[in-house]
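Everything below concerns the one structure shown next.
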Ligand SMILES: Cc1cc2nc3c(=O)[nH]c(=O)nc-3n(C[C@H](O)[C@H](O)[C@H](O)COP(=O)(O)OP(=O)(O)OC[C@H]3O[C@@H](n4cnc5c(N)ncnc54)[C@H](O)[C@@H]3O)c2cc1C
């Protein structure tokens with residue numbers, strides 16, 4: 001019997017699990033994917049937006065502003081990178097300039113730092129900004145992160161402090177259970193309320209007092225499973241597609257460049273990443289189904305044409321990859337974060353589309369300290385174990401590198417030539433508390449395959465290391481899901497009997 005089961009280990013579920021891991025309660029996190037942050041929390045623009053544009057009075061507006069202020073300290077505590085990149089929202093004509101007036105007022109109302117500058121002043125700071133730009137608002141508190149690394153670090157620390165995590169396990173149905181069958185995990189961990197839940201997955205069943213539904217695009221389906229009928233909200237996945245440009249010494253921009261927002265959202269952006277790549281995107285298009293995170297030629301050409309309106313000299317010959325993500329967009333336009341009116345103890349954290357990433361730390365606080373304040377009033381743990389940040393050899397001085405290599409020569413053996421990732425870093429990624437079990441999970445933690453060759457050189461070596469570390473055959477190593485087979489069989493094995 002668990003006190004709380006969280007369905008979904010995206011950025012939302014990870015922040016909530018981390019928050020609850022500081023309390024004396026028994027928490028289980030279930031995710032159908034092979035890794036933490038594998039869905040919307042993996043494929044997005046990775047921006048901690050400043051919070052000037054969500055509609056006034058919405059949860060999005062409130063939680064984005066708070067989340068943006070929380071991120072730098074949280075990333076610092078977790079030992080993951082947070083770069084305060086700043087951003088320009090640019091106008092190219094008078095009607096767009098009027099939209100900037102509204103954003104400027106909203107920023108002032110929300111106490112968000114904002115600088116109003118002319119097109120020429122903006123071009124002095126960003127020389128590749130289009131000559132068509134006549135005015136820009138600068139938002140210096142805009143940040144960039146690697147969202148999956150934040151989620152992984154949060155979940156590692158949560159697991160070190162007693163949270164249980166079950167990956168590759170899909171929730172299939174949910175029953176309500178009454179007081180008689182709902183046992184308490186500890187005498188003082190549950191109060192005397194009457195209901196609980198039994199969650200059935202493809203691998204087992206779990207009983208709990210409270211459910212937190214953080215299931216991204218599937219949050220409406222998960223709620224429907226527990227209700228036994230269609231819920232009052234529905235989620236329509238909106239796909240956003242991107243180009244990724246290769247790492248460059250002098251990327252085309254150093255700040256995030258937004259056009260003015262429109263009915264489809266923030267528009268198509270030019271986004272620097274922490275490692276000097278550039279993301280171009282996303283568009284916004286209703287996807288056919290909740291798994292349709294594929295790229296399309298039409299959307300990519302739309303992205304290409306759109307970014308040319310704000311930034312010149314984009315080196316499209318440096319594209320190394322395209323990807324797409326699905327926004328879990330709800331029909332109310334706002335986040336839905338509340339205890340169900342029909343199901344006591346069932347908390348929906350649903351319709352978390354943009355700015356869900358920027359808001360995630362504030363969403364977790366809102367769930368535990370406002371929505372479920374009384375129910376989650378568990379005592380604080382007296383001791384807490386902090387996670388160990390990942391060691392990135394590329395970020396170290398030669399002295400430190402030599403010291404580590406002397407101690408463990410695996411750190412001197414380069415596996416990924418594009419991103420200079422060593423065997424030692426890959427082994428660490430596999431052995432960590434929420435260890436990587438797939439090629440993609442290794443890539444998310446330490447980067448082999450993120451560079452120019454996209455794994456062409458290093459992937460077979462990563463497969464080899466995974467097989468050895470996990471004690472499985474190479475043909476059992478997967479890129480990501482159980483269906484993403486890399487090796488079918490050994491083509492060069494010698495059948496000793498036939499040979500004889
Ligand atoms: C194209 C795009 C760009 C974006 N850009 C930004 C940005 O720059 N800044 C920003 O603030 N926000 C951005 N967002 C929004 C942000 O990415 C999301 O709000 C956030 O990632 C949502 O996180 P989540 O944890 O709620 O959902 P998810 O990350 O989708 O996690 C939900 C989890 O639930 C699991 N799950 C679902 N069903 C089941 C089941 N039956 N059983 C078990 N597990 C299940 C899934 O496997 C998944 O891991 C963007 C989104 C997209 C798609």
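Just a few scattered comments:
- Criterion violated by residue 75 - all others in (1) surrounded by fewer than 24 Cβ atoms within 10 Å (Cβ to Cβ); (2) not in a helix (DSSP H, G or I) satisfied: (2)
- Residues considered: 99, 117, 74, 134. Of these, the only one that is within 28 Å of residue 367 (Cβ to Cβ) and at pLDDT 95 or above is 74.
- Filter result for residue 449 (in contact (Cβ under 8 Å) with a residue 12 or more places away in the chain and either closer than 26 Å to residue 479 by Cα or surrounded by fewer than 16 Cβ atoms within 10 Å (Cβ to Cβ) (or both)): yes
- Count of the stretch 369-387 residues which are in a loop (DSSP other than H, G, I, E, B) and free of Cβ contacts under 8 Å to residues at least 60 places away in the same chain: 5
- Restricting the stretch 402-429 to residues that are in a helix (DSSP H, G or I) and closer than 21 Å to residue 35 by Cα, the residue that is nearest to the chain's Cα centre (by Cα): 429
Residue by residue, here is whether (1) out of contact with any strand residue (DSSP E or B) (no Cβ under 7 Å at 6 or more places or on another chain); (2) at pLDDT 95 or above; (3) buried (at least 20 other Cβ atoms within 10 Å of the Cβ) holds:
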site: 380; (1), (2), (3): no, yes, no
site: 383; (1), (2), (3): yes, yes, no
site: 395; (1), (2), (3): yes, no, no
site: 401; (1), (2), (3): yes, yes, no
site: 412; (1), (2), (3): no, yes, no
site: 423; (1), (2), (3): no, yes, yes
site: 440; (1), (2), (3): yes, yes, yes
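- Helices (runs of 4 or more DSSP H) completely within the stretch 90-182 that count 3 or more residues being farther than 30 Å from residue 380 by Cβ and out of contact with any strand residue (DSSP E or B) (no Cβ under 6 Å at 6 or more places or on another chain): 94-109, 119-125
- Residue within the stretch 341-351 that is part of a loop (DSSP other than H, G, I, E, B), in contact with a strand residue (DSSP E or B) (Cβ under 9 Å, 6 or more places away or on another chain) and within 11 Å of the ligand (Cβ to nearest atom) present: yes
- Residues of the stretch 27-38 satisfying the condition of being buried (at least 22 other Cβ atoms within 10 Å of the Cβ) and either more than 14 Å from the chain's Cα centre (by Cα) or under 20 Å from residue 80 (Cα atoms) (or both): 27, 29, 30, 35, 36, 37, 38
- Residue 32 meets the conditions (1) in contact with a helix residue (DSSP H, G or I) (Cβ under 8 Å, 6 or more places away or on another chain); (2) over 20 Å from residue 259 (Cβ atoms); (3) within 10 Å of the ligand (Cβ to nearest atom) in every case but one. The failed one is (1).
- Checking 461, 487, 450 one by one, the residue that is in a helix (DSSP H, G or I) and not assigned by TED's automatic domain parsing to the domain that holds residue 31 is 461 and no other.
- Pair list, Cβ under 7 Å, 6 or more apart: the stretch 334-356 residue without any contact (Cβ under 8 Å) to a residue 40 or more places away in the chain, other residue within 12 Å of the ligand (Cβ to nearest atom) and not in a helix (DSSP H, G or I): 338/348
- Hits in the stretch 388-401 - residues which are in contact (Cβ under 8 Å) with a residue 12 or more places away in the chain and assigned to a helix (DSSP H, G or I): 393, 394
The values are calculated or read from the model by the stated rules, or taken from the named source; none is laboratory data. Predicted model only: the values in this text are computed from it and were never measured. Neighbour counts are summed over all protein chains in view; Cβ atoms, including those assigned to glycine, are modelled from backbone coordinates with ideal geometry.
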